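The values are calculated or read from the model by the stated rules, or taken from the named source; none is laboratory data. Model, not experiment: these values are computed from the prediction. Cβ atoms come from the backbone with ideal geometry, glycine included; neighbour counts cover every protein chain shown.
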Amino acid sequence: MKIKRDQVTGLVLVLLGIVLMAMISQFKKPITAEYPGPKLMPGIAALGLIICGAGIFVKGCRQKEADAMVISKKGLVRMLITFAALWLYILGLQFVGFLIATPFLVFGLTWYFGKASGVELKPLMVVVFSIAVTAVIWAMYVPLFGMELPVGSLFE
């Protein structure tokens, strides 16, 4: 039996969902009807990863022929850089909080993937974009949903 690309993709998504669930289980605020807290949205995302990953895995099991599993060196490097950036972002959330860590993540990934794709980027535009993305996410969670975002241990 050959391992198929969809099986690997599905398995990776399921594992990422499980890791995310384990990470958010460490949040101290419980989910209540009155205040869903910071676990709700990442929990929904983790559950989505698990369900979609399982579906992709099952689809891969039903395929008759295996797709060629081709990941270029560039693709592998991009994937590793993205995971490293997200890992640093999680650490940044814990220490400096959402408002400081998020613009750096958005800027870094936008700049990296823009340059990797050959897109000509202006640093000021990427800074404005990063701040705007952070502001929109903050505006959705804090005033609109009434939820808290991490402030970081340095500012508690």
Just to verify a result, which residue in the stretch 1-31, among those that are in contact with a helix residue (DSSP H, G or I) (Cβ under 7 Å, 6 or more places away or on another chain) and part of a loop (DSSP other than H, G, I, E, B), is farthest from Ile90 (Cα to Cα)? Lys4
Across (1) loosely packed, with under 14 Cβ neighbours inside 10 Å; (2) among the aliphatic types (A, V, I, L, M); (3) over 15 Å from Pro38 (Cβ atoms), Met140 clears everything bar (3)
If we keep only residues of the stretch 143-156 that are within 13 Å of Leu40 (Cβ to Cβ) and touching a helix residue (DSSP H, G or I) at 6+ places or on another chain (Cβ under 8 Å), then the residue surrounded by the fewest Cβ atoms within 10 Å (Cβ to Cβ) is Glu148
Among the candidates Ile90, Ile100, which residue alone is surrounded by 11 or more Cβ atoms within 10 Å (Cβ to Cβ), in contact (Cβ under 8 Å) with a residue 60 or more places away in the chain, of a type outside the set (S, T, N, Q) and part of a helix (DSSP H, G or I)? Ile90
Going by the structure shown, is Lys74 among the charged types (D, E, K, R), in contact (Cβ under 8 Å) with a residue 12 or more places away in the chain and assigned to a helix (DSSP H, G or I)? yes
Hits in the stretch 81-131 - residues which are in contact with a helix residue (DSSP H, G or I) (Cβ under 6 Å, 6 or more places away or on another chain) and of a type in the set (Ser, Thr, Tyr): Tyr89, Thr102, Thr110, Ser130
Residues of the stretch 47-79 that turn out to be among the hydrophobic types (A, V, I, L, M, F, W, C) and modelled with pLDDT under 90, as a count: 9
Scan of the stretch 110-126 for residues that are surrounded by 10 or more Cβ atoms within 10 Å (Cβ to Cβ), without any contact (Cβ under 8 Å) to a residue 24 or more places away in the chain and among the hydroxyl-bearing types (Ser, Thr, Tyr), ordered by number: Thr110
